[in-house]
């Protein structure tokens, strides 16, 4: 869904390939990707420059400030690169408060240079903004006043006149080259449905622009138009976000259906768990538990919407219940089955799936001393709620059930009261 | 954007991509509000034309269907709202086509997952041409008592409970479509209800923004206060903050931005909506709530307190005498749909068709209770399938094998027999496969291919009554009936039909009893004594052997056997088998590109 970051390797791959398609000119970009499954001999055969050139290696993990964190190694030969990678592949690092293992590296030729330019394009509501600076590199933030920005409205062409404020002060011998480079990159940005693109820095190699570092974001809803152009694009998860097996199971379900199924564990030992219908409502339930001061007890974020069928809801609910009951420590816990008033989702039908899962997991729910709180409205809600009430009596688990007459988040307060009451 | 009201009680829409339910919900809403004109003027369904029948209250109305946006706009020049239910793949192109029509003023896009660059094109065009885009990724919006987009506000019960059938005083705008319905409820609980509500959709770049609609509400005199539900991610709320700071909104605004929980997540998280992405302090719910509060909006401390904040603002307006009381009325009852009433157990209706041989409702189709996977995995043949669908039971393999042999033997008998001839003539006349096939099949009857049933009937009757072959044949002769299953144009006593021999061999080897066939052979022995061409033919062999199959398998009662013979099951075998050959003849003629057949004059005797 929506804007997705891609790896530096893929950004450069797309740039090289489509720069040529759109302008007829080659960029001398060379790069190779290394992951756990890479065989260095095969890689060296495929990319012969690896054996002859001096190299740069760095993690390709969607986080920046790699140079400042000592994760970039310069001027190595291939053996040294392999050694560098071996020492770090799979090792956990902490970047900006997020911890995670490094799984992917990018190797490039080492390019000694003295010029560092900055280029950034961002898609905005009414057009795109393009920023450029002659003083790029890791000191860009210190030199922010030297960054020049233009705004190109949707459908406007990036003519020389429009581009002029960016390049006006450049020396004549590179001005034309850079202007054309910006124009082609902008065309490529639009053609490939980029939403963000940054080169910091790019320099010149043999008189041609060469990005030393590059970041990109694509609009993945445009995949249906671009799958050929993007070819095998990977959308890695944000750095530090490692999916548990249960989370990836739900992620797999989500990808197979037209409905939306989301599940993130926040605290496996949390005592308040949620399973909420609707993208908007699910956030508000999590908010409310936090706003009432019990963020630390919140086990998960979970959302289902877009009218999933009974079978999908069943599989999804099983996962949520398994996680919610995985740590029976004798204390009470609460499961919040919430939702707003649906526009068109058949409440009774989706509840059927949840009810089947609750029945299956009866003993686990009891062992975890689970209390269940339900609130929902929408088509057929009376039947759905009646079935939930009947279920409580049938399996002997406390279930409180509310309809549209109650406030949406009232059950959050009840859930908190339940877990805080003397056990 | 800005300016004021988008809809009225006479607004009509064009609906792109036919969806029965949302259109019906719009028409039900119209009826509830006492509208005289249905709010859907026309439907656009690419590639289709004609009418769709829908209910307007108790009555049925026919809404015209057009195949293109242009044709629909030309036919309904007063319909100025375009409701687009196209998929995310085609929503942008059809929305642009609609925006380009001079008659269309508002386009609502329901699809989720429209590419950002496409939406930006729509935004640019709408801005340049003073049009309004609502969505994508939205349920739409509603003007209470006047006009409703698609599925907005859900069921009739909910619309009545939220008093959306008549206008109140509150303008509401949110990102989330699901939450808009929740808020209609909340607002109805603590105020006199909604005047207009819009869900702008959860995308990064919605076609129109929260502030666009707030500014519009500010210009609508009947809107006395404005409620806004924002969401983390994006900067849309800040344009509202700017508008408030600049004093462009002079009505009280109650606002809440959801997503305060984002700080609980360590890494960046994409919530349910495309635009709801955590990251960046400015885009956080906390920062936006604070900014709105600083700009003068009433911002509660949590969503829980939102309702109270709305209530207090409304009560203050009442105290100040700024709210005139709403004229209440009881909306008419919407007749319940039959299928819903049946589902809820309120009424019952008789079925019009009964079927016992197959069921396609489950995970996989079943033939007589046997699921398709068993049929395939256990290596069933065509004979087994026939036994399931015709006889509703699994016959032993020798029986189904026998059925298959019959089909193979009868599949074709050359181009000169009447069925094949008809098929060939029809195919050569340029007709399609089905016409060619049935023109051949239509010749099957008492003279051609229809003798199997009769043979079985007469042999069975004679044998069961204990008639000797002599008595049987002579009694038939007296009645003037030729014995079916006996006689052949070419075959003779000393030159038997090979097919008959093959069937007899198979039956002798596999059947527990062949009494009917033996009786038929005795009859043949007698008829051969009268004339050398009165041999047992293939119809007679199949007919008599099928009687042995039915009686010998022990799986049919006497009554069932009589019924099978009476209904004409055995001709079914011939029709099925010969269809194979007739289809072959059709393909053969087409492949050979044979011209129209004309019978030669010389071959006709012209006489008076």
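Computed values, structure above
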{"read-out": "Unmet requirement for residue B:203, which otherwise passes all of (1) outside any loop (DSSP other than H, G, I, E, B); (2) in contact with a helix residue (DSSP H, G or I) (Cβ under 7 Å, 6 or more places away or on another chain)", "value": "(1)"}
{"read-out": "Qualifying helices (runs of 4 or more DSSP H) (wholly inside the stretch A:316-423; at least 3 residues being within 14 Å of chain B (Cβ to nearest Cβ) and either in contact with a helix residue (DSSP H, G or I) (Cβ under 8 Å, 6 or more places away or on another chain) or more than 22 Å from residue A:254 (Cα to Cα) (or both))", "value": "A:347-360, A:381-395, A:410-420"}
{"read-out": "Within the stretch B:506-557, tally of residues that are closer than 20 Å to residue B:574 by Cα and free of Cβ contacts under 8 Å to residues at least 40 places away in the same chain", "value": "2"}
{"read-out": "Per-region count, the stretch A:266-297, residues facing chain B (nearest Cβ under 8 Å) and either surrounded by fewer than 24 Cβ atoms within 10 Å (Cβ to Cβ) or in a helix (DSSP H, G or I) (or both)", "value": "15"}
{"read-out": "Among the candidates B:306, B:314, residue that is surrounded by 14 or more Cβ atoms within 10 Å (Cβ to Cβ), in contact with a strand residue (DSSP E or B) (Cβ under 9 Å, 6 or more places away or on another chain), more than 14 Å from chain A (Cβ to nearest Cβ) and within 30 Å of residue B:25 (Cβ to Cβ)", "value": "B:314"}
{"read-out": "Some residue of the stretch A:72-95 being within 14 Å of chain B (Cβ to nearest Cβ) and touching a residue at least 12 places away in the same chain (Cβ under 8 Å)", "value": "yes"}
{"read-out": "Yes/no for residue B:230 being in contact (Cβ under 8 Å) with a residue 40 or more places away in the chain and within 12 Å of chain A (Cβ to nearest Cβ)", "value": "yes"}
{"read-out": "The stretch B:84-96, residues that are in contact (Cβ under 8 Å) with a residue 60 or more places away in the chain and away from chain A (no Cβ under 14 Å)", "value": "B:84, B:94"}
{"read-out": "Leading residue by the ranking (nearest to residue B:416 (Cα to Cα)) among those in the stretch B:585-608 that are assigned to a helix (DSSP H, G or I) and touching a helix residue (DSSP H, G or I) at 6+ places or on another chain (Cβ under 9 Å)", "value": "B:585"}
{"read-out": "Verdict on residue B:184 being surrounded by fewer than 24 Cβ atoms within 10 Å (Cβ to Cβ) and within 12 Å of chain A (Cβ to nearest Cβ)", "value": "no"}
{"read-out": "Residue count, the stretch B:88-109 (criterion: at pLDDT below 95 and within 20 Å of residue B:200 (Cβ to Cβ))", "value": "1"}
{"read-out": "Counted residues, the stretch B:401-418 - those being within 38 Å of the chain's Cα centre (by Cα) and surrounded by 20 or more Cβ atoms within 10 Å (Cβ to Cβ)", "value": "1"}
{"read-out": "Test: residue in the stretch A:210-222 that is within 30 Å of residue A:381 (Cβ to Cβ) and not in a strand (DSSP E or B)", "value": "no"}
{"read-out": "2 or more residues more than 28 Å from the chain's Cα centre (by Cα) and either in contact (Cβ under 8 Å) with a residue 24 or more places away in the chain or surrounded by fewer than 16 Cβ atoms within 10 Å (Cβ to Cβ) (or both): qualifying strands (runs of 3 or more DSSP E) within the stretch B:1-81", "value": "none"}
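The values are calculated or read from the model by the stated rules, or taken from the named source; none is laboratory data. Keep in mind that what you see is a predicted model, and the values were worked out from it rather than measured. Note that each Cβ is placed from the backbone with ideal geometry, even for glycine, and that neighbours are counted across all protein chains shown.
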